[in-house]
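Have a look at the structure below before the remarks.
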Amino acid sequence: MKQYKYKWMRWAAVTGMVMVLASGCSVIKTKEQSQQIDPPPVGADAMAAGAKAVTAPIVNPMQVNIYARDEKGFIAPIVIQVEKSESVAKTALEYMVDGGPSQGRLPSGFKSVLPKGTQVKQINISKDQKLATVDFSKAFVDYNLQDERKILEAVTWTLTSFGAVDQVKIRVEGKDLKEMPVGGTPLDEPLTRAMGINLEKPESVEFGQSTPVTLYFLNQNQANYTYYVPVTRLIKRTDNVAQAVIEQLIAGPDEKKGLTGVMAPGAELLKISKSDDVVTVNFSDKMLGPDKKAPAEALKAVVLSLTENVGTSTKVQIQVNGDTKVASTDNFNYSKPVARPLNVNQVKS
């Protein structure tokens with residue numbers, strides 16, 4: 001825990017400097033099957049998501065989870081189909097190159113974040129260290145300052161979506177990159193999800209007296225494709241992270257950022273507890289609509305947010321007034337603990 005806090009403090013300090021510099025210029029893993037919630041609604045097909053026409057059919061498809069930038073600048077996960085390969089992680093990164101094979105396969109408004117012409121020369125994964133070492137071509141360092149953190153977030157969160165990876169190390173042309181060349185973000189230690197994503201710091205919170213919580217809110221593109229966006233929000237320091245996650249979901253997104261809240265109006269948390277690998281969240285009946293069902297997007301966001309913060313292998317038990325017989329508006333049964341979904345924001349092709 002001390003090591004995690006140190007890494008977070010280090011990243012927070014760097015982030016603060018990069019955010020100031022950038023403003024002056026014109027970043028899922030679990031195989032448990034228990035019960036799993038479905039990914040958020042994406043419409044009938046890729047066109048419903050606003051994806052462009054795909055000219056080259058995929059002969060031998062597989063699914064990969066990549067992180068891309070949406071039209072509002074958020075880094076968000078997208079599950080797409082790609083050609084099957086021996087190195088799934090390498091393929092995922094190749095589909096994150098601007099102008100690369102993801103052209104026409106991402107929803108409208110989404111853009112790949114790796115600089116044009118970037119090649120993924122090699123990727124090695126150390127199973128013992130759960131460390132992925134990626135060797136990029138020289139084009140990787142050809143980017144604008146405001147994109148520096150987004151690139152690191154996208155690479156790190158894409159690779160750590162694989163169960164075999166917790167840490168990421170970056171090389172360029174076979175040499176370890178000690179820092180990013182434009183904004184100077186230090187890379188002398190491996191990158192992890194402790195860096196956060198789509199970082200949000202309220203004015204009332206100080207970097208040195210904060211706890212990061214990653215929350216899942218909703219966004220929608222111009223083609224009415226609805227998807228989850230993870231946001232790491234700094235809150236006043238707390239040891240009860242699980243409770244803070246639910247409280248922040250109820251508080252909702254920063255209105256200036258353009259995201260949509262997920263919780264039912266008037267939603268109340270009665271109690272939250274953790275036993276072994278299950279977090280139990282007990283809401284009041286204000287969580288239910290007139291049909292006595294809870295909003296599907298709210299319960300999915302609760303599962304995504306809690307597992308992101310307390311452990312992706314953790315299951316979540318939803319209760320309303322202590323009753324486990326809870327159904328959502330998409331008719332999913334939450335009577336038993338549910339696991340984190342394998343895929344988030346899937347685009348059907």
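Considering only the stretch 239-249, I want to know if a residue exists there that is open to solvent by 20 Å² or more (accessible area, probe 1.4 Å), closer than 20 Å to Phe74 by Cα, at pLDDT 95 or above and outside any loop (DSSP other than H, G, I, E, B). Spell out the reasoning first.
The first filter runs over the stretch 239-249 and keeps only residues open to solvent by 20 Å² or more (accessible area, probe 1.4 Å), leaving 239-241, 243, 247-248.
Still in the list and also closer than 20 Å to Phe74 by Cα: 248.
Within this subset, residues satisfying the condition of being at pLDDT 95 or above are 248.
From what's left, outside any loop (DSSP other than H, G, I, E, B): 248.
Yes, because at least one residue in the stretch 239-249 is open to solvent by 20 Å² or more (accessible area, probe 1.4 Å), closer than 20 Å to Phe74 by Cα, at pLDDT 95 or above and outside any loop (DSSP other than H, G, I, E, B).
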Residues of the stretch 65-107 being small (Gly, Ala, Ser) and crowded, with 17+ Cβ neighbours inside 10 Å, which ones? Ala68, Ala76, Ala89, Ala92, Gly100, Ser102
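Having 2 or more residues that are of a type in the set (Lys, Arg) is the bar; report the strands (runs of 3 or more DSSP E) wholly within the stretch 97-180 that clear it. Break it down stepwise before answering.
Values: elements: 120-126, 131-136, 167-172.
It comes to 167-172.
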Tell me which of these Ala51 doesn't satisfy, since it passes every other one: (1) surrounded by 20 or more Cβ atoms within 10 Å (Cβ to Cβ); (2) outside any strand (DSSP E or B); (3) at pLDDT 80 or above. (3)
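Please go through the stretch 144-165 and pick out each residue that is surrounded by fewer than 18 Cβ atoms within 10 Å (Cβ to Cβ) and out of contact with any helix residue (DSSP H, G or I) (no Cβ under 8 Å at 6 or more places or on another chain). Working first, answer last.
First pass over the stretch 144-165, keeping only residues surrounded by fewer than 18 Cβ atoms within 10 Å (Cβ to Cβ): 144-146, 163-164.
Hits for the stretch 144-165 are Asn144, Gly163, Ala164.
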Exactly one of (1) open to solvent by 40 Å² or more (accessible area, probe 1.4 Å); (2) more than 30 Å from Ser108 (Cα to Cα) is unmet by Gln319. Its number? (1)
Return the residues of the stretch 193-218 that are open to solvent by less than 20 Å² (accessible area, probe 1.4 Å), under 11 Å from the mean Cα position of the chain (by Cα) and on the phi < 0 side of the Ramachandran plot; say none if nothing qualifies. Ile197, Thr214, Leu215, Tyr216, Phe217
Condition set in a loop (DSSP other than H, G, I, E, B) and either hydroxyl-bearing (Ser, Thr, Tyr) or modelled with pLDDT of 95 or more (or both), scope the stretch 296-324, selection nearest to Lys336 (Cα to Cα): answer is Thr324
Report every pair of residues separated by at least 6 positions or lying on different chains whose Cβ atoms are under 8 Å apart, first residue within the stretch 323-340 and within 17 Å of Lys274 (Cα to Cα), second aromatic (Phe, Trp, Tyr) and surrounded by 15 or more Cβ atoms within 10 Å (Cβ to Cβ). Thr324/Tyr334
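The values are calculated or read from the model by the stated rules, or taken from the named source; none is laboratory data. Only a predicted model underlies this, so the values are computations on that prediction, with no experimental measurement involved. As a convention, Cβ positions derive from the backbone with ideal geometry for all residues, glycine included, and neighbour counts pool all protein chains shown. Remember, those area values only see protein heavy atoms, side chains included, never the ligands or the DNA or RNA. Shrake-Rupley method; radii C 1.70, N 1.55, O 1.52, S 1.80 Å.
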